[in-house]
């Protein structure tokens, strides 16, 4: 039987930093971050390559190659809190054309007391701040699409 270490998403956190002029790993790690509270769903992110094709006449075979990489759009869903500094920063960022530093941490550190969790750093534009009111028994939510505009740098748990 395999000994595989799995974790739930519970305990994962996302943080927003300032405008990201530089998007290299060191610059993103050095940013000052504020946690976004009330997160319901962190969505998905990570490089996906365009598929480039070439149709060879001689053998009638389609050749495939990996093209440019796109880290995607993280659909961040939060329970709307107008006083949370992280959500306030996201709403302000949605009104600009600037890209911001982001950090995502998982709750998977090897030693709970002294370890570091898996941490992802990236830069993204905040595409919008769309509110979902719903019906009487729904929580008012805001969705912030984070248009990732850099590589995603992953620091493994320790």
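The protection proxy used here, the mean number of other Cβ atoms lying within 10 Å of each residue, ranks peptides 30-36, 133-139, 99-105 as follows, highest first: 99-105, 30-36, 133-139. For the chain, a Gaussian network of Cα nodes joined below 10 Å ranks 143, 96, 119 by mean-square fluctuation, and the top entry is 96. Within the listed set 132, 27, 83, the residue fluctuating most in the Gaussian network model of the chain (springs between alpha-carbon atoms under 10 angstrom) is 83.
Looking at the stretch 13-155 from every direction and averaging, what is the projected area of its Cα convex hull in nm²? Before the final figure, lay out each step's value.
Values: hull surface 51.8 nm².
The number I arrive at for the stretch 13-155 is 13.0 nm².
Of the residues 146, 106, 90, which exhibits the maximal mean-square fluctuation in a Gaussian network model of the chain defined by a 10 Å Cα contact cut-off? The residue that fluctuates most here is 106. Our helix-only sum for the chain, with -39,500 (n - 2.57) per DSSP H run of n ≥ 4 divided by its residues, gives a mean residue ellipticity at 222 nm of -2500 deg cm²/dmol. Against the chain, whose longest principal axis is taken from its Cα atoms, helix 85-94 shows a tilt of about 50°. Would you mind pulling out the separation of the Cα centroids of the stretch 88-158 and the stretch 14-76, in Å? So the two Cα centres are separated by 13 Å.
Expressed as a rounded percentage, what relative contact order does the chain have, with Cα pairs under 8 Å and six or more residues apart? Numbers along the way, then the final one.
Values: 349 pairs, mean separation 41.4, N = 158.
Over the chain, the number comes to 26 percent.
Each value in this text was obtained by applying a stated rule to the coordinates, not by laboratory testing. Everything numeric here is computed off the predicted structure, so don't read it as measured data. In this analysis, Cβ positions are derived from the backbone assuming ideal geometry, glycine residues included, and neighbour counts consider all displayed protein chains.
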